[in-house]
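Worksheet: the structure to be examined is printed underneath.
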Amino acid sequence: MERPRAVRFAGLRLRFDEARRALSEATVPLICSSTETQTFRTIASGAVVGDIVLNAIGGSRHTVEQPEPYGESATGANAMIHIQLSGESALTQDGRSAVVRAGDVTAYTASRPFQLHHAGESLIVRIPHRALPVPARSVDEVVGVRLARERPLVGLIHPLALHLSRTVDRLQGSAGRRVVESAVGMLGAVIVETLQERENGPEESQLDVVMDYIESNLARPDLTVAEIASANFMSVRKLHTLFEEHDSTVAAWVRARRLERCRRDLADSEYAGLRIGEIAARWGFTDAAHFSRLFADRFGAPPRAFRAAVAAR
């Protein structure tokens, strides 16, 4: 499976024709237009940290469009989180429109048509759905929605995003990865906070509590569906229903979260001294061979090859 390269570029100053060409040649081809083509200037910097891509963009007003659906595999699906740092931008997707100003956050996906009118400065973070501790369907529910800076958790995002945008070209090694993963965790919390306030809040809150319980107990190999249900004061049947409504099962969610934790540790130089079986055992996998098969199915490469590829970057 092709993985993002550890690309970093600082302060590229692009004219309109250069920006348009770069977007048209991207992995997901995009259309760029601007009313300021003669005076157009944009500054872009970015980095790939693990499987997470950060792009800091500022400069002239322009519009980026994805007019046609663009298919993504289940493991390759990404959430695009747009954090407005200054100025004002407008996003339209799935029949929703969000105008975001400094400190606001919104989300979209390049797998479906969207239109982004960009102005000012922003940090755009591309995150694989599997790296967010919330179901993909939950992310879809906040696509094209303004997550206002007045919300307590959203208010914490802006200063961190501003710092990342200024240092994005210097994010390196284990420390950089940890900072970025912390930011992703905060963005996941923002999505959860938003869903809790929607009309179906009580049910969403119930699912959030269940997922928090699972996250806290992933390392235990004896974690069972019955225990999860009992600890959250519901029947096993009710628990299954909650996950079915988000196109998943309890067992599949637990397995996916454990595999993601293992992937994170295998990519972290701090755990280079641990054998693969030890990392698997840290997150509840008692059979190393079974873990290796599951990991390869999920991420496209066996854990040993994945670790070697990360180390070689």
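Simple spin-label estimate for Ala301 and Thr37 gives 4.1 nm between the two label positions (7 Å along the Cα-to-Cβ direction from each Cα). Accessible area of Arg313 (1.4 Å probe, protein heavy atoms only, ligands and nucleic acids ignored): about 120 Å². Among the listed options (1) 34, 24, 17; (2) 44, 19, 16; (3) 28, 27, 19, the one matching semi-axes √(5λ) of the Cα gyration tensor in Å as calculated from these coordinates is (1).
In order along the stretch 293-304, the phi-based Karplus estimate (6.51 cos²θ - 1.76 cosθ + 1.60, θ = phi - 60°) of 3J(HN,Hα) comes to 5, 4, 4, 5, 5, 7, 10, x, 7, x, x, 5 Hz; Gly and Pro are listed as x. Only helices enter the 222 nm calculation for the chain: every DSSP H run of n ≥ 4 contributes -39,500 (n - 2.57), and dividing by all residues gives -13000 deg cm²/dmol, rounded to 500.
Solvent exposure of Asp169, expressed as accessible area, is near 50 Å², computed with a probe of 1.4 Å over the protein chains only. Our coupling estimate for the stretch 93-99, obtained by passing each phi through the Karplus curve with A = 6.51, B = -1.76, C = 1.60 and θ = phi - 60°, is 7, 6, x, 10, 10, 10, 9 Hz, Gly and Pro reported as x.
In sequence order, the stretch 135-146 has phi-based couplings of x, 4, 5, 5, 5, 4, 5, 10, 4, x, 10, 6 Hz under the Karplus curve 6.51 cos²θ - 1.76 cosθ + 1.60, θ = phi - 60°, and Gly or Pro positions carry x. For the chain, the solvent-accessible area with a 1.4 angstrom probe is 47 square angstrom per residue. Seen against the Cα atoms of the chain and their longest principal axis, helix 173-196 is set at about 90 degrees.
Entry note, the stretch 208-313: relative contact order of 26 percent, from Cα contacts under 8 Å with a spacing of 6+ residues.
Distant-in-sequence amide contacts of Asn78, defined by a placed amide H-H separation under 5 Å and a gap of 5 or more residues or a different chain, comprise His129. Amide H contacts of Ala107: His82, Gly144, Val145, each under 5 Å away and 5 or more positions distant or on a separate chain (H built 1.01 Å from N in the peptide plane; Pro and chain starts excluded). Mean sequence separation of contacting Cα pairs (under 8 Å, at least six apart), scaled by the length of the chain, corresponds to a relative contact order of 14 percent. Mean sequence separation of contacting Cα pairs (under 8 Å, at least six apart), scaled by the length of the stretch 21-61, corresponds to a relative contact order of 32 percent.
What part of the accessible area of the chain, given as a whole %, is carbon or sulfur when the probe is 1.4 angstrom? That fraction is 53 percent.
The values are calculated or read from the model by the stated rules, or taken from the named source; none is laboratory data. On a predicted model such as this, the values are computed, not experimentally measured, just so you know. We place every Cβ from the backbone using ideal geometry, glycine too, and count neighbours over all the protein chains shown. Ligands, DNA and RNA are excluded from the accessible area calculation, which covers all protein heavy atoms including side chains. Shrake-Rupley method; radii C 1.70, N 1.55, O 1.52, S 1.80 Å.
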